[in-house]
Each structure stands twice: as structure tokens, then as C-alpha cells.
1. Mind checking which strands (runs of 3 or more DSSP E) fall wholly inside the stretch 60-176 and carry at least 3 residues that are among the charged types (D, E, K, R), within 20 Å of Asn189 (Cβ to Cβ) and open to solvent by 60 Å² or more (accessible area, probe 1.4 Å)?
2. From the list Ser191, Ser115, pick out the single residue that is in contact with a strand residue (DSSP E or B) (Cβ under 8 Å, 6 or more places away or on another chain), within 19 Å of Phe63 (Cα to Cα) and hydroxyl-bearing (Ser, Thr, Tyr).
3. Which count do you get for residues in the stretch 27-51 that are in contact with a strand residue (DSSP E or B) (Cβ under 6 Å, 6 or more places away or on another chain) and open to solvent by 100 Å² or more (accessible area, probe 1.4 Å)?
4. Take the stretch 154-198 and flag every residue that is under 16 Å from Asn120 (Cα atoms) and modelled with pLDDT under 90.
5. I'd like to check something: does the stretch 181-188 contain any residue that is open to solvent by 30 Å² or more (accessible area, probe 1.4 Å), in contact (Cβ under 8 Å) with a residue 24 or more places away in the chain, not in a loop (DSSP other than H, G, I, E, B) and not basic (Lys, Arg)?
6. If you go through the stretch 2-16 one residue at a time, do you hit one that is open to solvent by 100 Å² or more (accessible area, probe 1.4 Å), more than 30 Å from Arg130 (Cβ to Cβ) and modelled with pLDDT of 80 or more?
7. Can you run down the residue pairs with Cβ atoms below 7 Å, 6 or more apart or on separate chains, where the first is in the stretch 108-125 and closer than 14 Å to Gly138 by Cα and the partner is open to solvent by 60 Å² or more (accessible area, probe 1.4 Å) and not in a loop (DSSP other than H, G, I, E, B)?
8. Limited to the stretch 176-190, what total is found for residues that are closer than 12 Å to Gly138 by Cβ and out of contact with any Leu (no Cβ under 9 Å at 6 or more places or on another chain)?
Amino acid sequence: MKKSLTKKISVLVVILISSMACSPEDGTDGTNGTNGTNGTDGLNSLITTLIEQPGSNCTNGGFKIEAGLDLNDNGVLEASEVGTSEFLCNADTAGLSYLSYVSLINQTGTNDPQSSVLENTLGLNIVWTRESQGKYVGALDSTIDIGKTVIFYTTPTTHTGVRGEIVGNNQVRIELQNGINAFADDFTNLSFELREYE
């Protein structure tokens, strides 16, 4: 039994020594191949958020989120580049109390917009300034709670679209377009409302 075990160990040692002696060495590395050509740069994705007025898409208004690729690389998501859009709608506010500022805004030439206040339970004043063609900023003389305030507006028949946003707790902004990315002045009776829920 002892002799058989010794014989098996001897055979194993011989096999190990043989396999170590027969191990091949790595050959010399070959030369590197030619680098491939650079691929085409990718396009940037852009997202815009627009206020959605109450209507068929959102009964109580809300936001329209548009996304797409910046095909002409100008940093602006144009209507022709929008690949997808989603609506984030406001909840039903029936029965919720609020304070509001409602006015009709008019603007001509390069003049600052003028407003006729229809209702003002918020007790604030807005002074409008023309920034550039079709772009206007309204400065509030008191602050609002951004988290509880909604902005509403209408599009004048002379224009194709209006964008409105609350810039800060004492500033709002509107932009009027007459065509794709074509900002335009001269409008009458744009209905504008700030509504702060209590």
C-alpha cells in the first residue's frame, strides 16, 4: 500500500515537471492596426416647458413638456424638432379659494406694454417693460408665492402664440410670436391673470 502511494506521487511529479518544461513562451506582439475614422458627432437633446392654458389637453391648465434633437445645433428647440410632448395637468381647483390679478394688456411699436386692471384682490401692481421685439417683463411691486401661483393668458388674434412664465416671486415674463420663432410686437387686449391659491 505504501509502495503504491509512493509510485502514484512519483508519476504525478513527473507529469508536473513535464508540463512545466513544455509550456510555450509568449511570442512578440504584432504591430498595431490603422486607427479607424472618427464618427459623426451626436446631436444634443433639448427640452422646453410651456404653460398649457385650460382646454382639451388640460381641463385646468398645466404644462406642456416638449423634447427633441437640436437638428440645426442652434440651442433652441424649434417646432420642427419636437419629437415628443407630454402634458402635466393641474389638479381640479374647484372649491379652492384664491386671490387674483386680472388685466388686459396692449402694446404698440417699441413702447412698453400698458395694462388695464380688471380685478386685483392680490393688491399688487405690475409695470411692464419691452425687452426686445415680442418680449416683455413685468415687475411686481410686491411678492407672490411661486409655489401657489398660476399664470393665465390669451393669444391675441394678431399673433400665433404666447409664452408666459413666472420668473421669480416679483417678476413675470411674456413672449408673443407671429410664426415659428418670430417674435412680434403690436397687440391689443391680451388677457393676463395671476392667480395665487390660499
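1. Output list is empty.
2. Ser191
3. 1
4. Answer for the stretch 154-198, where residues must be under 16 Å from Asn120 (Cα atoms) and modelled with pLDDT under 90: Tyr197, Glu198.
5. Checked the stretch 181-188: at least one residue is open to solvent by 30 Å² or more (accessible area, probe 1.4 Å), in contact (Cβ under 8 Å) with a residue 24 or more places away in the chain, not in a loop (DSSP other than H, G, I, E, B) and not basic (Lys, Arg).
6. no
7. Asp112/Thr129
8. Looking only at that region, the number is 0.
The values are calculated or read from the model by the stated rules, or taken from the named source; none is laboratory data. It should be emphasised that the depicted structure is a prediction, and the values quoted were computed from it without experimental measurement. Virtual Cβ from ideal backbone geometry, glycine too; neighbours counted across all protein chains shown. To get the accessible areas, we keep the full protein, side chains included, count just its heavy atoms, and leave off ligands, DNA and RNA. Shrake-Rupley method; radii C 1.70, N 1.55, O 1.52, S 1.80 Å.
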